[in-house]
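Visitor: A single structure is presented below for examination.
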Amino acid sequence: MKYIPVGALFLVLVFGTSCEGQNKTDLSKENTKSATKERVFSTESDDPNFHTKYEYTDAVGKHLIIENCFPRGGSRYTAPNGEVYAYAVFWTRIINETDHPLELKIDFLDSYEVPSAPGKYFKLSVPPDTMTLDKEGLFNYGLTNLESFLDKSIHKPSSLKRTINPKESSDFYVLKLGLVTEGSRDVDGGDILRTGLILKGQDLFYRVSVYNRQAPPSIIGEEEISCGSINLKNLVLQQ
């Protein structure tokens with residue numbers, strides 16, 4: 001896997017444990033995408049199955065809604081070359097209540113550097129499976145054929161393109177993986193990871209936040225990864 005640090009992080013603990021990603025000898029710090037400095041604050045969702053909810057309004061008062069779930073997983077995957085990765089599964093729902101088709105494009109690089117742990121890296125990937133609400137209670141949110149997907153894509157960037165028609169919604173998985181090396185721990189310091197897709201103008205960002213486990217929890221690292229775009233214009237975030 002060619003690692004391209006950007007800013008983000010990994011570590012997971014809610015429905016399961018998470019993993020620790022680390023860099024390899026061929027890591028490059030060139031071609032790094034910088035995260036936006038503009039802040040969009042998280043809005044807690046009323047639905048207990050989701051961590052955050054963002055609602056955007058167009059010029060005629062119609063809505064685009066993005067909901068991001070909590071993590072689930074903490075299992076391990078062994079690549080064909082023998083590398084071992086720990087992973088966790090997230091998913092996002094996008095509801096298009098506007099009068100126009102939504103063209104969604106998401107692109108993740110090969111890997112990202114953990115902001116609270118320099119020199120450690122993780123990967124974000126979008127499996128082709130379609131998430132549906134009836135899978136919420138299943139292991140890994142019902143994500144299947146995981147090993148065959150990763151065998152083909154573990155060292156490649158990942159992308160997603162979908163059209164969401166007016167008055168329809170679309171749900172998709174995001175998989176977080178971290179390379180497990182000899183002597184490494186599944187959970188680095190017991191920190192808790194939260195992630196979520198957000199929109200700024202027509203640009204999409206994937207926010208990754210790390211909280212410590214002290215009481216009260218506090219953010220110890222956070223980045224927003226530039227990851228894609230939509231075609232709809234003039235959407236305003238509702239506070």
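The values are calculated or read from the model by the stated rules, or taken from the named source; none is laboratory data. Just so you know, these numbers come straight off a predicted model, no measurement behind them. Heads up, the Cβs are rebuilt from the backbone with ideal geometry, glycines too, and the neighbour counts pull from every protein chain shown. For the accessible areas, the whole protein counts, side chains as well, though only heavy atoms, and no ligand, DNA or RNA atoms are used. Shrake-Rupley method; radii C 1.70, N 1.55, O 1.52, S 1.80 Å.
Visitor: Name the residues in the stretch 202-239 that are among the small types (Gly, Ala, Ser) and either part of a strand (DSSP E or B) or at pLDDT 95 or above (or both), would you?
Guide: Of everything in the stretch 202-239, those that are among the small types (Gly, Ala, Ser) and either part of a strand (DSSP E or B) or at pLDDT 95 or above (or both) turn out to be 209, 221, 226, 228, 229.
Visitor: Considering only residues of the stretch 158-182 that are at pLDDT 95 or above and not in a strand (DSSP E or B), which is least open to solvent (accessible area, probe 1.4 Å)?
Guide: Step by step, filter the stretch 158-182, then rank; the result is 166.
Visitor: So if I check each of 73, 61, which one is crowded, with 16+ Cβ neighbours inside 10 Å, of a type outside the set (A, V, I, L, M) and at positive phi?
Guide: 73
Visitor: In the stretch 132-153, what residues are outside any helix (DSSP H, G or I), exposed (fewer than 13 other Cβ atoms within 10 Å of the Cβ) and of a type in the set (A, V, I, L, M)?
Guide: 138
Visitor: Which one is most open to solvent (accessible area, probe 1.4 Å), of the residues in the stretch 76-97 that are β-branched (Val, Ile, Thr) and under 18 Å from residue 122 (Cα atoms)?
Guide: So the residue we want is 78.
Visitor: Give the residue, chosen from 193, 199, that is at pLDDT below 85 and open to solvent by less than 20 Å² (accessible area, probe 1.4 Å).
Guide: After applying the criteria, what remains is 193.
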